[in-house]
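What follows is a short report on a single structure.
The values are calculated or read from the model by the stated rules, or taken from the named source; none is laboratory data. What you see is a predicted model, and the numbers here were worked out from it, not measured in a lab. Every residue, glycine among them, receives a Cβ derived from its backbone with ideal geometry; neighbour counts consider all protein chains shown.
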Amino acid sequence: MHKLEVKLGDRDPFMTEISGKKALFYELEAQGFVMDTGCLAGSCGLCKVEILTGIDNFNAAGVVEQGTIDAVTIDERQWRMSCCAHVTGSVSIAGNVISN
Ligand code: FES
């Protein structure tokens, strides 16, 4: 299990643990958090999460996701698509949640 600090929308950050076996979107969904989503294939960018710490503790982005990351990156902030990103170690993220 990997430690995950999550800041969703304007809610207070919370700590949880995830296995990394599923993409971050599905891991959070299993814990009751539904995030904004669209293609579920790394191309639309709706499920993006900002990586606050631990950018090296993710699987490598595939070609499609990397193209989306490049498209949404406009400053020094780091992004992953939660529908594609698998956690491999401790990370801290921020993203939007639409319900839980
Ligand atoms: S839902 Fe489209 S990139 Fe994740």
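Exactly one residue out of Val97, Val87, Val72 is of a type outside the set (Gly, Ala, Ser), over 19 Å from Leu4 (Cα atoms), touching a Phe, Trp or Tyr at 6+ places or on another chain (Cβ under 7 Å) and touching a residue at least 24 places away in the same chain (Cβ under 8 Å), and it is Val72. In the set (1) touching a Phe, Trp or Tyr at 6+ places or on another chain (Cβ under 8 Å); (2) more than 11 Å from Val97 (Cβ to Cβ), Val49 fails one condition alone, (2). Annotation note: Cβ proximity below 8 Å between a residue of the stretch 31-48 that is touching a residue at least 12 places away in the same chain (Cβ under 8 Å) and within 17 Å of Gln66 (Cβ to Cβ) and a residue that is assigned to a strand (DSSP E or B) and within 6 Å of the ligand (Cβ to nearest atom) (sequence gap 6+ or interchain) occurs for Gly42/Met81; Gly45/Met81; Cys47/Met81; Lys48/Met81.
Residues that are within 17 Å of Phe25 (Cβ to Cβ) and more than 13 Å from the ligand (Cβ to nearest atom) within the stretch 55-77 comprise Asn57, Phe58, Asn59, listed in sequence order.
To keep it simple, each residue is scored yes or no on (1) modelled with pLDDT of 95 or more; (2) in a loop (DSSP other than H, G, I, E, B); (3) not polar (S, T, N, Q).
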| position | (1), (2), (3) |
| --- | --- |
| Glu27 | no, no, yes |
| Leu40 | yes, yes, yes |
| Cys44 | yes, yes, yes |
| Ile74 | no, yes, yes |
| Cys84 | yes, yes, yes |
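Scan the stretch 4-23 for residues that are touching a Ser or Thr at 6+ places or on another chain (Cβ under 7 Å) and modelled with pLDDT of 95 or more and the total you get is 1.
For Ala94, the conditions (1) under 26 Å from Met15 (Cβ atoms); (2) within 14 Å of the ligand (Cβ to nearest atom); (3) not in a loop (DSSP other than H, G, I, E, B) are fulfilled apart from (2). In the stretch 1-25, how many residues are closer than 12 Å to Ser82 by Cβ and part of a strand (DSSP E or B)? Number satisfying all stated conditions: 4.
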